[in-house]
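Below: one structure, written as structure tokens.
The values are calculated or read from the model by the stated rules, or taken from the named source; none is laboratory data. None of the values given here were measured: they were computed from a predicted structure. Note: ideal-geometry Cβ built from the backbone for every residue, glycine included; neighbour counts use all protein chains shown.
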Amino acid sequence: MRKKVLVSTMALMAALAACDRQSNETDQQAESSMSEPASPETTMSEAEQRAAFDAEADAVLAGVPDIEVSNPAAQVLLSPFDGPYQGVPHFDEATLDGLKPALEAGMAQNLVEIDAIANNPEPATFGNTIVAMEKAGDELGRVFTYWSIWSSLESTPEFRAIQQEMVPQLSEFSSKINQNENLFQRVKAVYENEEEKAKLTPEQQRLLWLTYTGFTRTGATLEGEAKERYAAINKRLAELQNQFANNVLADEEGYVTYLTEDQLGGLPASFVQAAAAAAAQRGREGEYAITNTRSSMDPFLTYSDEREIRETVWNNYYSRGDNGGEHDNNALIPEILKLRDERVALLGYDNFALWRLETNMAKTPERALEMMEGVWEASTARVREDVASMQEIVDAEGGDFEIQPWDYRYYMEKVRQAKYDLDSNEVKQYLQLDKLRDAMFFVAGEVFNFEFTPLETGTVPVYREGIDVWEVTDKTSGELIGLWYFDPFARQGKRSGAWASSFRSHDTLDGEEKVVLATNNSNFIPGAEGQPTLLSASDAETLFHEVGHALHALSSNVNYPTLNGGVGDYTEFQSQFLEYHLWTDEVIDNYLIHAETGEPIPAELVAKIKAASNFNEGFDTTEYLASALMDMRYHMIDPEGLDVDTFERETLAELGMPDEIVMRHRSPHFGHIFSGESYAARYYGYMWADVLTADTAEMFAEAPGGFYNKELNKRLVEYIFAPRNAMDPTEAYREFRGRDAQVEALMRDRGFSVPDSDE
Ligand SMILES: [Zn+2]
């Protein structure tokens, strides 16, 4: 987290607003064809060499005075974590009063440290410059731990006011570091010193390269007016993106649909209970609230018999940010796009997508588009087939209408039941949250050799009652790896979706193996008093995915904080791969247990689930691809004079988007790409990562022991998980797989027809 604060506060802001992310994603991504690292020629051991660099860095930072902070609430947020496990966040003492002064002091402290590094009279070395930068910014990093809690979990108008005020200042702070001429000259000197570079380990060479390109890609080479304009653009972008996110949130909170008793037809009892509770919470006792979030909208549209209300709920959800008035996002989009374009033009790029893709595994927008368009034909063909099946049901029922987008989930559920005789509600009975969590612990034991042990409540502070914490150790050596905090349930003030983040990431600075503090959040609706919480199959997969991010963080063996960062189109691969374990026999037999009878899920139901798993792939792939393709187009066009509504409509028509389906995220609430930058021109990355995932899964499926093959898992952890961003992804994948990934694996995985295969 430290390094990210140092160089990429923008990325942090952005990432905090996106709905599925890792804590350490940075905007400075890795290039897939880094030049071959020279072999280290050193007589010292690697550990000794790291210690020597550490000492050089400490010498630079030793003379930096501490910024005085008189506000006690700010001191809490800035002070080192303390207590057990190398210290844990003081969630029990943190108050919002301290946030603003703590941010200001943290930024000031970080800038003083940066000045000490930048103005050091000694010649620039890897230790006194690069490692010193890794060590700077501790205080601010800690403040962001609390910030992330308030922004995503305990959001209030008070917090949002502070955020609104501080985001531009944070952006300015970030620019001050990125545009520190002396600092960049020192980084450049280290980068260009071939003799010294040859003595670095491949990991250190990668860190150096990431640091250097982090500067060149973010304006460090600019001078004079261009430099000023660059900083001004970033500041304005941060404001606009923040406003975009807040507008979406306002529309999520502002459009709740209330039902009466006679409007509950088709809805499962558990959903009705939750809707009653949600209404009561809003002072509407006796009614039922359908909130304007995915976790409420999706099941409602799947089950409700009330076609007109489905239309209303659908409209509310897909109109977020598009309702006119003060929370409308349409005008913000061209402004954001124009500023992004202008910014990368200053660096010599024709458009934002070119700038973005250069450092991703895909390398060019064209390669990403080629991959997506290849799958698009097959996925929309599947949608048309599915719509025809649904229309048959409507006609047979004597319904005098054509399938509309608000009918899609409802009739798909009927088709699913007719064709596969699979009742999602029945499946749910076997997907108990506690058992799924234990299943994930089992998988973690098999793949990573981790053991999870629950902590007594009160052993470490949590930010709210009911959040449980586990200790993670190595099963064989007993070595402490980290802690895992789990906050599974929906509540007001918590943003929608599911995600993972870290309060502390792995590194070995100061010669100490850091204890990782990883956390998972989701928005499950808790079971009624005394009843287990039951999940849908897709929520269960999401749980595996997100806990997968936490496991990825826990598995890190990198030596420097920056190397925990992700590479955009690669970073979802690891967690996506861990979704496959949900449907392995080892998990099915032991953890997918009926909530009432305790019986394991019957083999025939599993067979049905497997058969049905590709059933709605047309919908899922198409709604996703529509958003991903739109994202890439937005960042390739000239945004001058852009009318968002027209552009969205015309682009989708040109692609041949089926009328019965909408983008997963329509433009006015596409927070991944407009609430921040980290997914901009990179939403395709999920599918890019899917290709890697499917290719890896095929390898495991064909191996003896399948997904629990010990030899393969060892290599998986060694090359794919533990190095995080310390290895170039293309190289790491080749080491693991013996070749590049093949897109056909994805097509087979989704049950789409693969051209020219098997014939
Ligand atoms: Zn993810």
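Here are the numbers:
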| quantity | calculated |
| --- | --- |
| Among the candidates Thr95, Thr129, residue that is polar (S, T, N, Q), assigned by TED's automatic domain parsing to the domain that holds Glu195, more than 19 Å from Ser501 (Cβ to Cβ) and without any contact (Cβ under 8 Å) to a residue 24 or more places away in the chain | Thr95 |
| Thr380 vs. criteria closer than 27 Å to Val754 by Cβ and buried (at least 16 other Cβ atoms within 10 Å of the Cβ) | yes |
| Filter pass, Arg682 being within 16 Å of the ligand (Cβ to nearest atom), within 21 Å of Tyr408 (Cα to Cα) and either surrounded by fewer than 23 Cβ atoms within 10 Å (Cβ to Cβ) or not assigned by TED's automatic domain parsing to the domain that holds Met297 (or both) | no |
| Residue list for the range 288-313, filter: in a helix (DSSP H, G or I) and closer than 14 Å to His669 by Cα | Arg294 |
| Pair list, Cβ under 6 Å, 6 or more apart: the range 545-559 residue of a type outside the set (A, V, I, L, M, F, W, C), other residue within 15 Å of the ligand (Cβ to nearest atom) and outside any helix (DSSP H, G or I) | Glu546/Ala498; Glu546/Ala500; Glu546/Asn520; His549/Gln22; His549/Ala500; Ser556/Arg724 |
| Residue under evaluation Gly482, criteria (1) in a strand (DSSP E or B); (2) surrounded by fewer than 22 Cβ atoms within 10 Å (Cβ to Cβ); (3) over 17 Å from the mean Cα position of the chain (by Cα), criterion not met | (2) |
| Every residue from the range 439-479 that is part of a helix (DSSP H, G or I) and surrounded by 15 or more Cβ atoms within 10 Å (Cβ to Cβ) | Ala439, Met440, Phe441, Phe442, Val443, Ala444, Glu446, Val447, Phe448 |
| Matching option when the condition is within 16 Å of the ligand (Cβ to nearest atom) and either outside any loop (DSSP other than H, G, I, E, B) or not aliphatic (A, V, I, L, M) (or both), among Phe619, Phe577 | Phe577 |
| Residue, nearest to the chain's Cα centre (by Cα), within the range 267-289, restricted to residues that are within 23 Å of Glu426 (Cα to Cα) and among the polar types (S, T, N, Q) | Ser270 |
| Filter result for the condition that a residue is within 24 Å of the chain's Cα centre (by Cα) and either of a type in the set (D, E, K, R) or modelled with pLDDT of 95 or more (or both), over Thr473, Thr519, Thr508, Thr453 | Thr519 |
| Where a residue in the range 52-79 is modelled with pLDDT under 95 and its partner, wherever it lies, is part of a helix (DSSP H, G or I) and buried (at least 20 other Cβ atoms within 10 Å of the Cβ), with Cβ under 6 Å and at least six apart | Val64/Glu113; Ile67/Ala105; Ile67/Gln109; Val69/Ala105 |
| Unmet requirement for Gly568, which otherwise passes all of (1) part of a strand (DSSP E or B); (2) within 16 Å of the ligand (Cβ to nearest atom); (3) not acidic (Asp, Glu) | (1) |
| Criterion violated by Asn521 - all others in (1) in contact (Cβ under 8 Å) with a residue 60 or more places away in the chain; (2) surrounded by fewer than 21 Cβ atoms within 10 Å (Cβ to Cβ) satisfied | (2) |
| Members of the range 586-613 that are assigned to a loop (DSSP other than H, G, I, E, B) and modelled with pLDDT of 80 or more | Leu592, His594, Ala595, Glu596, Thr597, Gly598, Glu599, Ile601, Pro602 |
| Selected residue (only one of Asp659, Asp645 is over 25 Å from the mean Cα position of the chain (by Cα), more than 17 Å from Tyr684 (Cα to Cα) and part of a helix (DSSP H, G or I)) | Asp645 |
| Candidates Ile593, Ile609, filtered to the one that is within 18 Å of Lys419 (Cα to Cα) and touching a residue at least 12 places away in the same chain (Cβ under 8 Å) | Ile609 |
| Meets criteria (closer than 19 Å to Val717 by Cα, within 16 Å of the ligand (Cβ to nearest atom) and under 17 Å from the mean Cα position of the chain (by Cα)) for Gly497 | no |
| Selection within the range 515-543 - over 16 Å from Tyr485 (Cβ atoms) and part of a loop (DSSP other than H, G, I, E, B) | Ile525, Pro526, Gly527, Ala528, Glu529, Gly530, Gln531, Pro532, Thr533, Leu535, Ser536 |
| Residue among Glu134, Glu154 that is under 30 Å from Gly224 (Cα atoms) and within 24 Å of the chain's Cα centre (by Cα) | Glu134 |
| Selection count where residues are within 16 Å of the ligand (Cβ to nearest atom), touching an Asp or Glu at 6+ places or on another chain (Cβ under 8 Å) and small (Gly, Ala, Ser), scope the range 500-545 | 2 |
| Qualifying residue in the range 686-697 (condition: surrounded by 18 or more Cβ atoms within 10 Å (Cβ to Cβ), assigned to a loop (DSSP other than H, G, I, E, B), out of contact with any Phe, Trp or Tyr (no Cβ under 6 Å at 6 or more places or on another chain) and touching a residue at least 12 places away in the same chain (Cβ under 8 Å)) | no |
| Index of the failed condition, Gly641 passing every other in (1) farther than 23 Å from Ala701 by Cα; (2) in contact with a helix residue (DSSP H, G or I) (Cβ under 6 Å, 6 or more places away or on another chain); (3) away from the ligand (no atom under 16 Å from the Cβ) | (2) |
